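Below: one structure, written as structure tokens.
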Amino acid sequence: MTFSILARNLRFIMRNILVAGRKAEEYLKESIEVACQIGAIGILGQASLGLGLLFKTRGKTDEAEKYILEAIEAFEKCGSTGYLKKAKEALTACEVSDGRVPRSQHRQSAGSR
């Protein structure tokens, strides 16, 4: 991509990036609500993880952790090991970015006593 193409489209890109984040949050929250209503645990987990990751990218780690923990619970209930692993990695990343020792390390050190 050349600089001139980027420069011509910069206003469009900047305007839509701001709107996209708000829309993503809105749609993910709606997905969580519907998934809860119909008992779609896997979808609930995916939407919760997505919302948690969105908050993480915004630097809102407390909110991110809340939704990531909800995702972990959902993935444990439905046995989705692949998504469960991703959610646990995301939780660890939130904890590390806040300068805390990840929960997984707390459990490992407690088990070695």
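What is the sum of charges around Leu54, taking Lys and Arg as +1, Asp and Glu as -1, for the other residues whose C-beta is under 12 Å from the C-beta of Leu54?
Values: positive: Arg22, Lys23, Lys29, Lys56, Arg58, Lys60; negative: Glu25, Glu26, Glu63.
Result for the local shell: +3.
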**OP:** Return the label of the correct value of mean projected area of the Cα convex hull in nm², as calculated from the structure shown, out of (1) 9.7; (2) 6.6; (3) 13.0.
**Re:** (1)
Original post:
In a GNM of the chain with a 10 Å cut-off on Cα contacts, which of Thr92, Thr81, Thr61 has the highest mean-square fluctuation?
Top reply: Thr81
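Tell me the net charge near Gly21. Cut-off is 14 Å between Cβ atoms, Gly21 excluded, with +1 for each Lys or Arg and -1 for each Asp or Glu.
Result for the local shell: +4.
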Subject >> Under 15 Å, Cβ to Cβ, from Lys77 - net charge with Lys/Arg +1 and Asp/Glu -1 >> reply: -2
Subject >> With Cα atoms, 0 to 90° folded angle of helix 81-97 axis to the chain main axis >> reply: 80
Original post:
Against the longest principal axis of the chain, how steep is helix 3-38, in degrees 0 to 90 to the nearest 10, with axes from Cα atoms?
Top reply: 40
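Values in this text are rule-based calculations from the coordinates and carry no lab data. This structure is a prediction, so every number in the text was calculated from the model and none was measured. Note that each Cβ is placed from the backbone with ideal geometry, even for glycine, and that neighbours are counted across all protein chains shown.
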